[in-house]
1. What ranking do 870, 27 get, fewest neighbouring Cβ atoms within 10 angstrom at the top?
2. As an exercise, find the ratio Rg/Rh for the range 80-238 from alpha-carbon atoms, using the Kirkwood inverse-distance average for Rh.
3. Calculate the FRET efficiency for residue 28 and residue 597 from the Cβ-Cβ distance with a Förster distance of 60 Å, rounded to the nearest 0.05.
4. Using 0.36 nm per residue of separation minus the Cα-Cα distance, give me the extension gain between residue 11 and residue 43 in nm, one decimal.
5. Based on alpha-carbon centroids, what's the gap between the range 132-157 and the range 225-302 in Å, whole number please?
6. When 207, 2, 696, 372 are ordered from fewest to most other Cβ atoms inside 10 Å of their Cβ, what list results?
7. Compute the acute angle (0 to 90°) between the alpha-carbon long axis of helix 764-775 and the principal axis of greatest extent of the alpha-carbon atoms of the chain; round to the nearest 10°.
8. Got a sec? How would 379, 466, 146 order by Cβ neighbour count within 10 Å, fewest to most?
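Each reported figure results from applying straightforward, stated rules to the coordinates on display, with no laboratory input. Keep in mind that this is a model prediction, so the values were computed, not measured. Cβ coordinates were reconstructed from backbone atoms using ideal geometry, including for glycine residues, and neighbour counts include every protein chain displayed.
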Ligand code: DPP
Ligand code: ZN
């Protein structure tokens, strides 16, 4: 079959020590000449085999002699060549067609034929769309790249590495050469050519290396790159301070494009960004988008060490670079902003995106055992759960121990293609700890359920905490083993004070603190705490110390106590989330209001408190998302979940009170700055939340306020928040505001994406019709991934009630578009198709409709490997 398996890994029989690449660039046709300096593994017999897809072969020669036709074969995207020896030089010339490349993989055109520019995307397997090569990450090669093009049409020529000369050619053409001193895998190759403008910054590393930083964008966007430059400089300094890692070339280029399948790409010395994660200004970007730019700039920069200097042996190890780099990015963002708010955001994302993935037909381990299409494994599991695994290990080692381990990991694996065993091995060895038990986390899919039961023995003043774990079966993994689960905990007394901890069997010196980590590493285990003066309320999994689902039979009063008193912002939020989920159950079952009352009372009290940060308060006032709430249901009716969540907010708003909400809104509305400081952002965040709550009890009044807020908004954050309230409430004023927005931002693609996506938040009975009319809009195109996600992604993922229509019209519309999209861009189609995830647990009517749509899609014979793999997995 076409399945690729981890267990089949073999070291490459042929390597390429050096490659000389030359491009004669053109929009319709580009010619690529490649000279591969081959190295043969003497222990393997295999003939030379090179990957290549969609290449028009113009010539091929070995060691200076044209190859006769019987000396090479091309089949199934593999070129096999006879007669190569260790030290041979293979030269190929091929032609590719950038403007016809709608898959945005390999060399392609971004923007229009007249004004656009050429660029490449190679991860994971795009390089084989550019030239013949052993396109696998464990082949590390030194690159010399020469670009030749018309000077007027392509004034800027960039490739990874250091500049190594440039000059004029005949006929108005010019050339530029780049040499990368660091051997790298082919997925990190990049070039860019076109009419771009730049901003620059001179940076000096701690050790004194001078680096020129250059951010490039099209002329209309170059004014929005300043924030990214600032974030880049802070990222570079942070990696020096925190991990002792410096940049290693003379130049660092970053380029923005509106046509990109992913968020951004860490190509060596030439990062390429989806404009969404690079451009920012207050008039068109929200606070959340600013933070996303900061995080992604940091993420791609951090890859220079975790990914580029130390790369992956094979794609099964993808989380080696992605999980680690997400973790480093999260640490950076926590240091730059508020650590508890960042943790809340990350855990909320994990629950919204990764837990459902781990619970559905697409569940896979952080290190998958097999795949058909690697691009389908750039998932929340590999990235976000992968980061949680690194966080557990880092927590185990402590700050200094982790740094010691990372130093050893980087130095030992520098210039190598490594594995997760290399990673855990180095971290463990530097600390004389065996971390290999954590490998089980990488191999096992599914989210573990952690059950906690407490028993207080008043006579002995002891508290026994019994923890047990269970991971439900996932596709291809019916049985599960116990995992090491670090549980950070504290005990609170009934006045909300933390109690000193004395664990039975502890050395005396470990006793007495108020917080500690215990590790559950079998199916069930009990931990006894002594000298406990009264029956405690345990605060478990503090900081979300392991990516598990905690089941603990707290009473509503106990959760409310933690919500009021926990000193840790994250855990306070967590107690509120658990309480809100119980409140949701109250509303669903209609037989009790204890949790609902406790949740509303506790939040109403906190609403009046002055000591609490506005941004944290805004998060506390937000119940779990509809997706998270649906995850708790055995059978899901998305309309019911939506209605109950609205009810929950209505109860909360009524409990806080109209007057109180209005006063708070008025006070917050007095701050009208567009500044980005933490306090201003916190004001805007709480203002949005308060307006939402007001809309739940008094829509007419809230729409009046929202219209005013829209008209006077000094920033996109306020403007978009107001617009969202109008659209979600299907307010009469929404129409005029949308018209105004469209006119104002017609020339700004990223703002127009928001115009599309906000409208997908219409109430369920109106939204499909709107999606269909938006598809007809002149500004809509299936060829632009951001636009596709802004419309179809925002609708299918962000409005479950509006997507999961009982009559199946939502499923049919999405399935039809997926098929059209697949013919243009398989990667984007496959990612969008994952919006069907969770369909198996839908109530019978929707279940049947979803099944019919998925089966019809699966029956199509033309599906790409990308979409085909997702749809087939979805069926099982
Ligand atoms: N490697 C990229 C990133 O996650 C994704 N293609 O940074
Ligand atoms: Zn990454």
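1. On the way: 870 28, 27 22.
Ascending number of Cβ neighbours within 10 Å: 27, 870.
2. Numbers: Rg = 17.6 Å, Rh = 17.8 Å.
Rg divided by Rh gives 0.99.
3. Details: r = 68 Å, r/R0 = 1.14.
It comes out at approximately 0.30.
4. On the way: separation 32, 0.36 × 32 = 11.52 nm, distance 1.05 nm.
My answer for the length gained is 10.5 nm.
5. Centre-to-centre (Cα) distance: 22 Å.
6. On the way: 207 7, 2 10, 696 20, 372 17.
Ordered from fewest to most neighbouring Cβ atoms within 10 Å, 207, 2, 696, 372 come out as 207, 2, 372, 696.
7. That helix lies at roughly 20 degrees to the long axis.
8. Values: 379 24, 466 15, 146 20.
With the sparsest Cβ surroundings first, the list reads 466, 146, 379.
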